[in-house]
Amino acid sequence: MNRGALLKCVCVSISVISLIIPAIGADASGNRQNPLGEKDVQIEASGELSLWYDQPAKSWMTEALPIGNGPLGAMLFGGTDIERVQFNEISLWSGDRLDPAQDTGEDNLGAYQAFGDILIYFGHDLAKVTDYRRELDIDRAVHRVVYEYNGVRYHRITYASNPAGVIVMHITADKPAAYSGRIWLTDMHGAEITAAENRLRSVGRLENGFEYEAQLRVLNQGGEVEVKHGDAAPSGSDCAPENPWKIALPSASLSFHNCDSVTLILGAGTNFVQDHTQQWLGEHPHGAVTERIDSAARHGVKTLLTEHVRNYQSLFRRFSLNLGTTAPELLAKNTRERLENYTKNHAVDPELEALFCQFGRYLLISCSRGGSLPANLQGVWNESNQPAWACDYHSNINLEMNYWPAESANLAECHVPLIDYVQSIREVSAINTRKHYGNVRGWTVQTMNNACGISFWKWNPPGSAWYAQHLWEHFAFGCDKEYLRRTAYPVLKEVCQFWEDHLKRRPDGTLVTPDGWSPEHGPEEEGVTYDQEIVYDLFTNTIEAAEALGDDQEFRDHIIALRDSLLKPKIGRWGQLQEWEPDRDDPKDNHRHISHLFALYPGRQITVATTPTLAETARVSLDARGDESTGWSRAWKINFWARLGDGDRAYKLLRSLLTLVSETETIYGQRGGGVYSNMFDSHPPFQIDGNFGATAGYCEMLVQSHAGQIHLLPALPLAWSTGAVTGLCARGGFEVDVTWKDGRLTMAVIRSKSGQPCRVMYGHNTWESNTEVGATYRLDHNLNYKGDAAVKE
Ligand code: FUC
């Protein structure tokens, strides 16, 4: 297979980054030399993997664009008069910290907090600006603004570097001395802002003991930067602007005059540590934040940008997707117009669809990196101290959905924050669980959860088993037995122990889950299908884990016996899969949660091949539930229909999720689900799970591997008649490339990362073989083996 051709849709390479050296003379002002010691950085417009607009953003939720390096995230507005950079750090939480040693029994969940903003006043009146463009290049994870004003071409790039641990903004122009203005740093908790040595600082403390600090260091080439206190002059280039967001400006600021270019480096952190034995409190962030910023400044702009792009692309470019070509006249439109056209005129825009899939991967890389907390309801991005549902870790679908694409879309490393989070709450959750359930082993969680083990609102008994599925999947895809033995298996086992102690045995021997609730409707009772199916999944994963380890046979046999006795899914009076043990499902119920179909996705108890009758009942339930709903609910339905092998219906759901909407208030019903013009998923309001659930859905439509084999193109819609995907991951440690034409497979390449036996299926054909670690297997349209990928036919 021509891998180069497949990669065509990921066409912008790092080499496109051109370092344009403007004609800047020596710093004649006598001011501090730019310690970066390198010239300005400009990059060219990106290819099709970008979101772009012809106006600055006004609305945070629907228009601003996200960047992030895992723990640190920002939303960029692209202003010409004033630029706003609203930023977050993922551990800044209000509320209690669960400390088992001194558990006070308090359960104040608090909320994920906003950190602050950077406001940069340029004074370039938008009415007089021409050739404006702002874009988010998701192939390089770089945000870029360009425009002309007063005969000068202005250029600004911003990115969040994971290796450097900071956010960097370079502003440059095609004429010297073009920049004058003011920079403010603000704090969402009223901390004092201090300014010294071209650096703004906010240092604060929340009531719960979390200490935090942000620093913004400003470096200039040419001109001068100076600290200002008090109100700015009433007019002129550094006057205090009326900002449209009504953000109160602190007294301290930095003003810059006649600069050729300016580089801003933002760092922020808290003293949160993912360790309850330290009451979740570590060192004050001052040292680490200072070190990150100063080290970034020493690196120089060229190295910073190159390292950032290299690090990001090492994850992003593992996977490419080509779903066809969009007409040039559509491609010429900006992203908002394309979404509008797609929604209102039912436009055929396969490149927009591919972009939306990749945007989910971009978001996961940007908000979920090793050593940090997992993605919350809005990833890492949040502008409010009272966000919807506390911007929490919601255990009854939302946190899990965030991680559905992690393995299949080749971002296993981004799964690790969830796995670490689960590890971090095991012990405190066990104490919580015993308080509620009495003398049980193991643990589970309530529905709403914070970063520090506080669990709140309704108990979600199978919540921990659903988390455990993610620990299992990380092994199922990655095949790392050491990880399974040390990390995943102990969690699987202790969650099984919770159910050993908690399941109720009926006189006829059937095991039922007591006190359940199908999220989030119906009565609280035993034998709820959602609970039963997740426990079944937990037991299955644990059994397979013990088998993979060749260990713990007695326990495994015991769990097999328990699984056999579980109450199984039931078929109701209208042919539906029953949500509850009594046959009370209402065919008119269009509730957003479809929890009783867990066994179809993300579980594997129900498959079209092994349980066709149950699969049919799932189809009946899904049909009755209808398609319209909240964003994440639509995303779940894409995955359900893909598992049912109905590509056209999955595609219909995908289109309905890619509907441009503007509703920002909380709506639970059928209205308002879709995407905003910045492609953030709308629940509404913005909730990132729908973005991630959608990306998982694309993968599920193209390759499935949950039933012991790699099934190619199991739910290919008519709309995607010709295309290609590379780097899609399958269980068993395989990477899969697939090309298809006129709706038929043309070629597949399987790369074996773990040397496991492999079985591939397409239509009625199968290919089965042992594989070698690192080997590549090329299969033709009938799954005939054609040698390794390097061998030509
Ligand atoms: C559950 C859902 C809501 C929303 C919230 C975060 O309560 O029912 O739709 O997703 O989580």
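The values are calculated or read from the model by the stated rules, or taken from the named source; none is laboratory data. As the structure is a prediction and not an experimental result, all values here were calculated from the model. With ideal geometry, Cβ positions are generated from the backbone for all residues, glycine too; neighbour counts draw on all protein chains shown. When the accessible area is computed, the model is the full protein with side chains, heavy atoms only, and any ligands, DNA or RNA have been set aside. Shrake-Rupley method; radii C 1.70, N 1.55, O 1.52, S 1.80 Å.
Descriptive notes on the structure:
- Of all residues in the range 645-688 being of a type in the set (A, V, I, L, M) and part of a loop (DSSP other than H, G, I, E, B), the one that is farthest from His591 (Cα to Cα): Met679
- Filter result for Glu579 (over 26 Å from Phe356 (Cα atoms) and in a helix (DSSP H, G or I)): no
- Selection count where residues are over 30 Å from Cys479 (Cβ atoms) and of a type in the set (S, T, N, Q), scope the range 496-548: 4
- Entry remark, the range 327-367: residues being in contact (Cβ under 8 Å) with a residue 40 or more places away in the chain, in contact with an Asp or Glu (Cβ under 9 Å, 6 or more places away or on another chain) and in a loop (DSSP other than H, G, I, E, B) number 1 in total.
- Within the range 590-603, being in a loop (DSSP other than H, G, I, E, B) and within 14 Å of the ligand (Cβ to nearest atom) holds for Asn590, His591, Arg592, His593, Ile594.
- Residue check, Gly697 within 25 Å of the chain's Cα centre (by Cα), part of a helix (DSSP H, G or I) and more than 16 Å from the ligand (Cβ to nearest atom): yes
- Selection status of Gln687, under 26 Å from Cys391 (Cβ atoms) and surrounded by fewer than 24 Cβ atoms within 10 Å (Cβ to Cβ): no
- Filtered residues of the range 272-321 (kept if under 20 Å from Leu216 (Cα atoms) and of a type in the set (Ser, Thr, Tyr)): Thr290, Ser295, Thr303
- Summed over the range 196-224, the residues that are assigned to a strand (DSSP E or B) and open to solvent by 20 Å² or more (accessible area, probe 1.4 Å) give a count of 9.
- Note on the range 295-326: among residues that are outside any helix (DSSP H, G or I) and open to solvent by 10 Å² or more (accessible area, probe 1.4 Å), the one that is nearest to Leu65 (Cα to Cα) is Arg317.
- Single unsatisfied condition, Lys458 versus (1) open to solvent by 10 Å² or more (accessible area, probe 1.4 Å); (2) more than 16 Å from the ligand (Cβ to nearest atom): (2)
- The range 516-534: number of residues that are exposed (fewer than 15 other Cβ atoms within 10 Å of the Cβ) and either over 28 Å from the mean Cα position of the chain (by Cα) or among the polar types (S, T, N, Q) (or both): 2
- The C-beta contact set for the range 617-643 (first residue within 21 Å of Glu663 (Cβ to Cβ), second residue among the aromatic types (Phe, Trp, Tyr) and within 16 Å of the ligand (Cβ to nearest atom), distance under 7 angstrom, 6+ apart or interchain) comprises Thr630/Tyr668.
- Of all residues in the range 282-297, one or more are over 30 Å from Ala635 (Cβ atoms), touching a residue at least 12 places away in the same chain (Cβ under 8 Å) and among the basic types (Lys, Arg).
- Matching residues in the range 720-741 - criterion: being over 18 Å from Gly645 (Cα atoms) and without any contact (Cβ under 8 Å) to a residue 60 or more places away in the chain: Phe734, Val736, Lys741
- Subset of the range 360-392 that is buried (at least 24 other Cβ atoms within 10 Å of the Cβ) and of a type in the set (Phe, Trp, Tyr) - its residue that is nearest to Thr325 (Cα to Cα): Tyr362
- Restricting Ile171, Ile193 to those that are open to solvent by 10 Å² or more (accessible area, probe 1.4 Å), modelled with pLDDT of 95 or more, out of contact with any helix residue (DSSP H, G or I) (no Cβ under 8 Å at 6 or more places or on another chain) and on the phi < 0 side of the Ramachandran plot reduces the list to Ile193.
- Looking across Gly509, Gly527, Gly522, one residue alone is of a type outside the set (S, T, N, Q), assigned to a loop (DSSP other than H, G, I, E, B), at positive phi and within 16 Å of the ligand (Cβ to nearest atom). It is Gly522.
- Residue selected from the range 626-639 under the condition surrounded by 24 or more Cβ atoms within 10 Å (Cβ to Cβ) and not hydroxyl-bearing (Ser, Thr, Tyr), by the criterion nearest to the ligand (Cβ to nearest atom): Trp632
- Looking across the range 605-615, just one residue is under 22 Å from Arg634 (Cβ atoms) and open to solvent by 30 Å² or more (accessible area, probe 1.4 Å), and that is Val608.
Residues checked against (1) open to solvent by less than 30 Å² (accessible area, probe 1.4 Å); (2) under 26 Å from the mean Cα position of the chain (by Cα); (3) of a type in the set (Val, Ile, Thr); (4) more than 24 Å from Ile638 (Cβ to Cβ):
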residue: Leu716; (1), (2), (3), (4): no, yes, no, no
residue: Thr722; (1), (2), (3), (4): no, no, yes, no
residue: Val725; (1), (2), (3), (4): yes, yes, yes, no
residue: Arg731; (1), (2), (3), (4): no, yes, no, no
residue: Asp742; (1), (2), (3), (4): no, no, no, no
residue: Leu745; (1), (2), (3), (4): yes, no, no, no
residue: Arg759; (1), (2), (3), (4): no, no, no, yes
residue: Tyr762; (1), (2), (3), (4): yes, no, no, no
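- Residues that are assigned to a helix (DSSP H, G or I), polar (S, T, N, Q), away from the ligand (no atom under 12 Å from the Cβ) and buried (at least 22 other Cβ atoms within 10 Å of the Cβ) within the range 393-431 comprise Ser408, Ser429, listed in sequence order.
- For the range 663-692, residues that are more than 11 Å from the ligand (Cβ to nearest atom), within 15 Å of the chain's Cα centre (by Cα) and of a type in the set (Gly, Ala, Ser) total 1.
- Of the residues making up the range 555-572, those that are farther than 15 Å from Thr542 by Cβ and among the charged types (D, E, K, R) are Lys568, Lys570.
- Scanning the range 179-190 for residues that are in contact with a Lys or Arg (Cβ under 9 Å, 6 or more places away or on another chain) and buried (at least 22 other Cβ atoms within 10 Å of the Cβ) yields Arg182, Leu185.
- Close pairs from the range 661-689: first acidic (Asp, Glu), partner within 11 Å of the ligand (Cβ to nearest atom) and outside any loop (DSSP other than H, G, I, E, B), Cβ under 6 Å, at least 6 apart: Asp681/Gly631; Asp681/Gly690; Asp689/Asn398; Asp689/Met401; Asp689/Trp632
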